[in-house]
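Readers should treat all values here as calculations from the given coordinates under stated rules, not as data from a laboratory. Computed from a predicted model, the values in this text were never measured in an experiment. Positions of Cβ are backbone-derived with ideal geometry, glycine not excepted, and every protein chain shown enters the neighbour counts.
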Amino acid sequence: MRLIIKNGHLIDPKNRRNGRFDLLIEEGKVRDILKAGHTVASADVIDAKGCIVSPGFIDLHVHLREPGYEYKETIRSGTLAAAAGGFTSVCCMANTNPVNDNASITEYILKKAKEEGTVNVFPIGALSRGLAGKELSPMGELKKAGCVGFSDDGKTVQNSRLMRLALEYAKTFDAPVISHAICSDLAHGGVMHEGFVATKLGLPGIPSAAEDIIISRDIRLAETTGARLHIAHLSTAEGVELVQKAKKKGIRVTAEATPHHFTLTDETVEAHPPGTAAKPSQDGASPYDTNTKIMPPLRSEKDRRAIVEGLATGVIDAIATDHAPHALVDKEIEFDSAAFGIVGLETALSLSLQLVEKKKLTMKKMVELLTINPARIVGLKKGGLEPGASADVVIFNPSLSCKIDPAKFYSKSKNTPFGGMKVKGVVKYTIVGGKVIYQV
Amino acid sequence: MQLARKDLLGIESLSKKEIELILETAKTFQEISTREVKKVPTLRGKTVINLFFEDSTRTRTSFEIAGKRLSADVINISQKGSSVAKGETLLDTAKNIEAMGPDLIVCRHWAAGVPHFLASRLKASIINAGDGAHEHPTQALLDLMTIREAKGKIAGLNVSIVGDISHSRVARSNIHALNKMGARVTVAGPATMIPAEIEKMGVKVSTDLRKGIASADVIMMLRIQRERLTMSPFPTLREYSQLYGLNKEALKGAKPDVVIMHPGPVNRGVEIDPEVADGPYSLILDQVTNGVAIRMAVLYLLSGPKGKAAL
């Protein structure tokens with residue numbers, strides 16, 4: 001079967017292509033990249049006029065919730081959401097039930113993904129057994145079963161010796177250790193960024209220092225061990241600085257940032273941003289929306305700007321969603337008790353495009369942050385469209401306006417603070433291994 | 001006249017005019033409580049539910065008396081614990097109560113924001129009777145009323161709020177209220193109990209009790225709630241009392257006609273010396289009395305045709 005994608009604007013940072021090219025796909029792989037205007041016999045044609053054609057997006061950080069929390073998300077619904085967002089590969093965190101800390105769970109996830117999933121799934125193995133932060137997980141076994149990195153994610157490794165051991169041990173397998181950097185002693189019951197807004201709302205705060213201290217520790221340990229460290233969802237200005245300094249020093253550290261951290265601030269907890277679906281309560285805005293409760297928390301405007309800057313200058317390597325589906329029972333409750341996290345797969349592109357529209361990022365840079373950079377971090381042979389590469393492609397129209405409508409999400413969960421927001425950018429086709437798995 | 005609001009969620013979004021309306025209305029209701037027959041038919045046929053998710057004697061009783069003096073049917077519901085522990089969402093709880101058709105719901109909750117959550121989802125008027133460390137609007141209103149009675153004015157006064165500012169909804173509501181009415185507010189307490197960037201709320205900050213109450217016209221002492229605190233932000237009650245307890249000696253720096261207030265319940269000998277609590281400058285019991293009048297006013301002003309916005 002041959003498929004040609006015509007009339008689009010191809011952006012492929014890995015292969016330094018940025019212009020009008022047609023893409024020829026055969027047998028699930030990229031066959032050729034042609035100057036626009038060629039005609040190819042006996043091929044299906046996708047007309048990508050007005051669209052960007054890019055390698056499929058790769059998300060380093062999602063929660064697919066299966067096994068164990070199928071009421072929030074399944075591998076099927078989560079990968080459908082990924083496809084609708086333009087992602088062709090996702091890395092899923094280990095905090096399932098049972099935890100992905102042994103080969104049988106990894107194999108289960110991969111089997112499910114093969115049977116019911118629509119995009120490529122690459123599990124992240126637990127760093128410690130049971131995510132308990134006490135003993136190393138069997139990384140060798142996990143790597144062999146298909147895990148591409150190791151992390152306890154939300155259950156930050158508080159014990160510095162265990163973190164050192166994990167980095168040292170993971171080095172053998174050339175897999176990154178991913179750090180969700182929050183010092184739990186300092187975060188102590190906090191539910192939002194510590195600062196004026198938290199003070200006014202009477203909510204316990206999570207100081208930026210809680211994040212910066214663990215980032216510093218882990219960078220220092222990466223230096224000691226020479227291992228690869230990846231900082232998840234960077235949210236503070238100081239964190240960006242720490243990563244920048246470490247990179248200058250030659251320490252093997254990479255970092256990701258989420259669309260919500262580069263779009264929103266702690267002020268969103270007090271009231272929805274204008275133009276979004278505020279519930280009609282007081283003064284046209286609804287404070288304490290649990291869909292603004294995220295870990296790490298939405299930070300200050302200064303932090304937000306630093307994250308945007310970090311993405312533009314390359315200090316931050318990747319955009320990742322931290323897609324965290326939660327059901328109503330986890331969210332329609334007291335702010336203090338509600339679960340942390342929001343869904344992100346289906347809003348990531350349009351939020352990223354806002355940075356392009358505001359000229360903070362070039363389109364090429366945005367694509368890089370969503371494709372080849374994340375691929376390199378977890379060592380995937382993906383993220384580029386050279387001949388022979390797996391034909392994972394996204395075709396999107398960057399200027400088409402739309403309104404974010406959580407009711408239309410493919411994800412089982414609708415927990416987003418962006419509902420009702422007017423944005424630009426519509427995914428037209430998502431192609432995995434040459435097969436169209438999503439189209440509008 | 002009614003408030004053009006559905007709910008009373010906090011002082012922050014109230015205008016000075018609205019605060020004045022509540023204070024004026026409360027004044028007219030004060031007299032009812034001194035009658036032989038302490039009851040008027042104003043809210044006959046209205047149902048008020050006191051929905052308390054946290055222990056409270058004073059505030060709940062005050063609302064109950066206020067409702068009954070206005071002839072409303074008042075029902076008390078106490079629920080302990082979190083939605084998570086119950087396995088029922090807060091929304092489910094709220095909808096069940098709504099199904100019983102109350103006109104007003106007085107809500108006290110240990111978590112900040114719960115009254116806002118209910119207000120945006122229910123038709124009944126919601127009155128915030130204290131939400132976590134966020135606001136306690138009727139307390140601030142009764143404090144304003146008490147200050148005005150004692151001092152004849154509010155504007156231009158120096159008011160010091162002393163104690164655990166971090167965990168205090170009374171402090172937050174009073175800061176908003178006093179600023180709106182033109183008073184100057186200072187907060188004082190151990191640095192570990194002063195929340196981040198509080199000065200942006202328009203207050204001066206002091207970690208020294210004497211400096212904090214220097215030239216004060218009014219001192220509001222806050223209850224030290226040790227039971228709420230894990231890893232206490234001060235070493236011992238004894239040291240707290242020595243450094244931040246209000247006694248006659250410490251009072252010397254304040255104005256000679258200073259008045260002392262406390263939202264209760266008082267920890268005698270901890271944040272306030274009994275000599276001071278019972279002294280001539282203490283307004284603690286006036287606060288309690290005025291509480292009933294303020295709550296009558298709020299119930300009355302919110303029971304009319306529903307306005308669009310909340311307070």
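The number of residues in the range B:120-132 that are under 19 Å from the mean Cα position of the chain (by Cα) and within 14 Å of chain A (Cβ to nearest Cβ) comes to 7. If you go through the range B:188-217 and pick out every residue that is more than 14 Å from every other protein chain (Cβ to nearest Cβ), assigned to a loop (DSSP other than H, G, I, E, B) and touching a helix residue (DSSP H, G or I) at 6+ places or on another chain (Cβ under 8 Å), you end up with 3. The condition of being of a type in the set (A, V, I, L, M, F, W, C), crowded, with 18+ Cβ neighbours inside 10 Å and within 14 Å of another protein chain (Cβ to nearest Cβ) does not hold for B:VAL159.
A quick yes/no check of all residues on (1) assigned to a helix (DSSP H, G or I); (2) of a type outside the set (A, V, I, L, M); (3) under 21 Å from A:ARG376 (Cα atoms):
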position	(1), (2), (3)
A:LEU80	yes, no, no
A:SER89	no, yes, yes
A:PRO98	no, yes, no
A:SER104	yes, yes, no
A:GLU107	yes, yes, no
A:CYS147	no, yes, yes
A:ASP152	no, yes, yes
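When A:LYS408, A:LYS414 are checked against the criterion of being free of Cβ contacts under 8 Å to residues at least 60 places away in the same chain and among the charged types (D, E, K, R), A:LYS408 stands alone in meeting it. Summed over the range B:105-117, the residues that are more than 7 Å from every other protein chain (Cβ to nearest Cβ), closer than 13 Å to A:ILE333 by Cα and in contact with a Ser or Thr (Cβ under 9 Å, 6 or more places away or on another chain) give a count of 1. Being touching a strand residue (DSSP E or B) at 6+ places or on another chain (Cβ under 9 Å), part of a loop (DSSP other than H, G, I, E, B) and not basic (Lys, Arg) is the filter here; which residues of the range B:42-69 pass it? B:LEU43, B:GLY45, B:PHE53, B:GLU54, B:ASP55, B:SER56, listed by residue number.
Per the listing A:SER89, A:SER128, the residue uniquely closer than 30 Å to A:ASN397 by Cα and either in contact with a strand residue (DSSP E or B) (Cβ under 8 Å, 6 or more places away or on another chain) or crowded, with 18+ Cβ neighbours inside 10 Å (or both) is A:SER89.
A:GLN439 fulfils the conditions (1) surrounded by fewer than 23 Cβ atoms within 10 Å (Cβ to Cβ); (2) in contact (Cβ under 8 Å) with a residue 24 or more places away in the chain; (3) over 26 Å from A:LEU298 (Cβ atoms) except for a single criterion, (2). The residues in the range B:240-272 that are more than 17 Å from B:GLY212 (Cβ to Cβ) and out of contact with any Phe, Trp or Tyr (no Cβ under 8 Å at 6 or more places or on another chain) can be counted, and the count is 8. A count restricted to the range A:24-62 and to residues that are more than 31 Å from the chain's Cα centre (by Cα) and of a type outside the set (A, V, I, L, M) stands at 6. Taking the condition farther than 30 Å from B:ILE127 by Cβ, within 14 Å of chain B (Cβ to nearest Cβ) and of a type in the set (Lys, Arg), does A:ARG305 pass? So A:ARG305 fails the test. Do we find a residue being of a type in the set (Ser, Thr, Tyr) and crowded, with 20+ Cβ neighbours inside 10 Å anywhere in the range B:183-206? Yes; the residues of the range B:183-206 include at least one that is of a type in the set (Ser, Thr, Tyr) and crowded, with 20+ Cβ neighbours inside 10 Å. Helices (runs of 4 or more DSSP H) fully within the range A:345-440 that include at least 2 residues being in contact with a helix residue (DSSP H, G or I) (Cβ under 6 Å, 6 or more places away or on another chain): A:348-357, A:363-370.
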